[in-house]
Amino acid sequence: MAGKFSVYALKVGESPPDYYRKNGLQPLYMSDEERDKPLVYYFWCIKGEKESIIVDTGIAPEHKDGIVGYESPVALLEQIGVNAKKVEKVIITHLHQNHFSGVYLYQNADFYIQEEDFRSQAKRIAGGGSCEKGPYYQKRCKKTLRMFHACKEFAM
């Protein structure tokens, strides 16, 4: 990516202010005040003169439940003049749902992720992992597997 470029932090939405308490999470490194702040969900666009590179996919529309002020990643990209269908490169930082659930939004993209991160998640799913712990986990694993299949460049 040569030439001029701009970096955009695109806010998909945020969690409710009491997210940690509602979910029974009490990270030890956070004070009570910090735990009550919402989590803000971003993805990034590095927009160049000839191409744009996306960092993380943004949260897919079907995962927007519980997200305050949700905006679709496709709509956010359109606001800065980027067509998600024309994006050719997407970097996935790690495999949390809020970082890669929107892989299918970038139909013509090649996806880049650290090999070890991808392989460890794929092995966990292929080996059963949490998929055998009940219907919620089975549904979650099926969604994750569909996301992996969407990343056709990844080889197990």
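The values are calculated or read from the model by the stated rules, or taken from the named source; none is laboratory data. Remember, predicted model here, so these are calculated numbers, not experimental data. Note that we place each Cβ from the backbone using ideal geometry, even for glycine, and neighbour counts take in every protein chain shown.
Okay, here's what the table says:
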{"read-out": "Enumeration of residues in the stretch 57-74 that are part of a loop (DSSP other than H, G, I, E, B) and not hydroxyl-bearing (Ser, Thr, Tyr)", "value": "Gly58, Ile59, Ala60, Lys64, Asp65, Gly66, Ile67, Gly69, Glu71"}
{"read-out": "Tally, over the stretch 75-105, of residues that are under 9 Å from the mean Cα position of the chain (by Cα) and not in a helix (DSSP H, G or I)", "value": "7"}
{"read-out": "Condition met for Gly69 (modelled with pLDDT of 90 or more, of a type outside the set (Lys, Arg) and over 17 Å from the mean Cα position of the chain (by Cα))", "value": "no"}
{"read-out": "Considering residues of the stretch 108-122 that are surrounded by 14 or more Cβ atoms within 10 Å (Cβ to Cβ) and over 24 Å from Lys85 (Cα atoms) only, the residue nearest to the chain's Cα centre (by Cα)", "value": "Gln121"}
{"read-out": "Some residue of the stretch 126-143 being more than 15 Å from the chain's Cα centre (by Cα), over 30 Å from Ser6 (Cβ atoms), part of a helix (DSSP H, G or I) and at pLDDT 55 or above", "value": "yes"}
{"read-out": "Candidates Glu51, Glu88, Glu71, filtered to the one that is among the charged types (D, E, K, R) and under 27 Å from Ser120 (Cβ atoms)", "value": "Glu88"}
{"read-out": "Residue selected from the stretch 33-56 under the condition assigned to a loop (DSSP other than H, G, I, E, B) and at pLDDT below 95, by the criterion nearest to Ala9 (Cα to Cα)", "value": "Leu39"}
{"read-out": "Contacts under 9 angstrom Cβ, first residue in the stretch 63-88 being exposed (fewer than 14 other Cβ atoms within 10 Å of the Cβ), partner in a helix (DSSP H, G or I) and at pLDDT 95 or above, 6 or more apart", "value": "Glu78/Ala84; Asn83/Val74; Asn83/Leu77; Lys85/Val74"}
